[in-house]
Amino acid sequence: MPVLRWLLQGGLLCLGIVAMTGTATAGPDNVLVLGRISDNPKSHYAQLQPLLDYVVPRMRDVGITEGRILMAPDAQQMASYLRRGRVDWVTETAGTAVALGLRSGAQPLLLTERSGVRDYQTVFFVRRESPITSLADLKGHTLALQNVASTSAYLVPVMTLLQNGLTPEILLSARDAAAPDTVGYVFARSEANIATYVHKGVVDAGAVSSVDWTDEHRIPATFRRDFRVILRTEPYPRAVEVVRSGLDPKVRDRLQQVLLDAASDPQAQDALEKFFGTSGFHRVDAQMQHRLDELKQGLTRVRMEVE
């Protein structure tokens, strides 16, 4: 989306409607700025503001008296905001959180549980009658993915192919054939389209998250009966709250505790539900830190060898 149109659609939202200036200075010490990468700022503002309204009054003891929302059209711009101290806290998918960490030094604060699910897998699937029975069999075949911003339907599938000695290569269209020594992939833009491409035989295989795999609005049961799973990856965090590297430790620790306590506070339930269906926050344990480290290594490799 062109930047001008994005701004006109609501990208200027910052505690109501406040213009984003071009300065590189950090915000006042008493302001907590929540960031979001967005292609629909007006909609996301309504999802973010209630939780910010809940959090800010509970952080007065560490000097926070005001909250603002600052959105960016892409990860590059958000990383710039984080580096310059213009955004303090960002909620994102695990893959984007890792990318922001690489670009800006942002650190994971908490794992985000959505609709009772805190981690998920990537599911590779084919039509039931397909001769493909394993990941290795995908060589010379085609794979439908979502888009480059997806953790479960792009980053994890592509890094998994690389880890298994396969060579992913983007195709010009879904009707293109893969070279014999590659796995040709095409972007289908949505989980429903991925399922349709596989079901109609436009591509040989698809990859979606385990959450979408069981969601009949995205993978219809009538389609899923005709599919067969060839691989489920290890689980990865579904979403992550990250904070900028220079955030005052007192503010960081208080924010972490307020969010951890929110799931058991009746006053937070409506705000959490609006916050992308959040059902709770959890500390980053050793297993999930390992998964985030894997995503970081995988993202670096995908950028160097595929993109």
Handout entry: Every residue from region 112-171 that is over 19 Å from Trp213 (Cβ atoms), out of contact with any helix residue (DSSP H, G or I) (no Cβ under 8 Å at 6 or more places or on another chain) and in a strand (DSSP E or B)
Key = Thr112, Thr142, Glu169, Ile170
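Which ones in region 219-241 are assigned to a loop (DSSP other than H, G, I, E, B) and either under 19 Å from Ser152 (Cα atoms) or open to solvent by less than 20 Å² (accessible area, probe 1.4 Å) (or both)?
Restricting attention to region 219-241, the residues satisfying the condition of being assigned to a loop (DSSP other than H, G, I, E, B) are 219-220, 225-226, 233-235, 238.
If the condition is that a residue be assigned to a loop (DSSP other than H, G, I, E, B) and either under 19 Å from Ser152 (Cα atoms) or open to solvent by less than 20 Å² (accessible area, probe 1.4 Å) (or both), then Ile219, Pro220, Thr233, Glu234, Pro235, Arg238 are the ones that fit.
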Practice task
Kindly indicate whether any position in region 251-272 is in contact with an Asp or Glu (Cβ under 9 Å, 6 or more places away or on another chain), within 21 Å of Tyr236 (Cα to Cα) and not in a helix (DSSP H, G or I).
Solution key: no
Exercise for the section: Report yes if some residue within region 148-169 is within 19 Å of the chain's Cα centre (by Cα), farther than 30 Å from Val251 by Cβ and surrounded by fewer than 17 Cβ atoms within 10 Å (Cβ to Cβ); otherwise report no. Expected result: yes
Handout entry: Single unsatisfied condition, Leu259 versus (1) open to solvent by less than 50 Å² (accessible area, probe 1.4 Å); (2) over 30 Å from Met59 (Cα atoms)
Key = (2)
Handout entry: Boolean, Arg84 is modelled with pLDDT of 95 or more and touching a Cys at 6+ places or on another chain (Cβ under 7 Å)
Key = no
Handout entry: Out of Ala188, Ala195, Ala207, sole residue that is touching a residue at least 24 places away in the same chain (Cβ under 8 Å), over 30 Å from Gln287 (Cα atoms) and touching a Pro at 6+ places or on another chain (Cβ under 9 Å)
Key = Ala195
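Please work out if Arg244 is over 17 Å from Ala97 (Cα atoms), crowded, with 16+ Cβ neighbours inside 10 Å and modelled with pLDDT of 95 or more.
For Arg244, the condition - over 17 Å from Ala97 (Cα atoms), crowded, with 16+ Cβ neighbours inside 10 Å and modelled with pLDDT of 95 or more - is not met.
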Problem - Some residue of region 113-129 being more than 14 Å from Val306 (Cα to Cα), open to solvent by less than 40 Å² (accessible area, probe 1.4 Å) and basic (Lys, Arg) - result: yes
Completion exercise
Across (1) in a helix (DSSP H, G or I); (2) closer than 23 Å to His44 by Cβ, Glu294 clears everything bar (2)
Practice task
Could you check, for region 61-84, whether at least one of its residues is in contact (Cβ under 8 Å) with a residue 40 or more places away in the chain, surrounded by fewer than 21 Cβ atoms within 10 Å (Cβ to Cβ), hydroxyl-bearing (Ser, Thr, Tyr) and over 23 Å from Arg218 (Cα atoms)?
Solution key: no
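Could you tell me whether Ser104 is under 17 Å from the mean Cα position of the chain (by Cα), under 18 Å from Phe275 (Cβ atoms) and not β-branched (Val, Ile, Thr)? Even if it seems obvious, please write down each step before you answer.
Details: under 17 Å from the mean Cα position of the chain (by Cα): yes; under 18 Å from Phe275 (Cβ atoms): no; not β-branched (Val, Ile, Thr): yes.
Taking the combined requirement at face value, the residue does not satisfy it.
The values are calculated or read from the model by the stated rules, or taken from the named source; none is laboratory data. None of these values were measured; they are calculated from a predicted model. Glycine also receives a Cβ, built like all others from the backbone with ideal geometry; neighbour counts cover every protein chain displayed. These area figures cover heavy atoms from the full protein model, side chains too; ligands, DNA and RNA do not enter into them. Shrake-Rupley method; radii C 1.70, N 1.55, O 1.52, S 1.80 Å.
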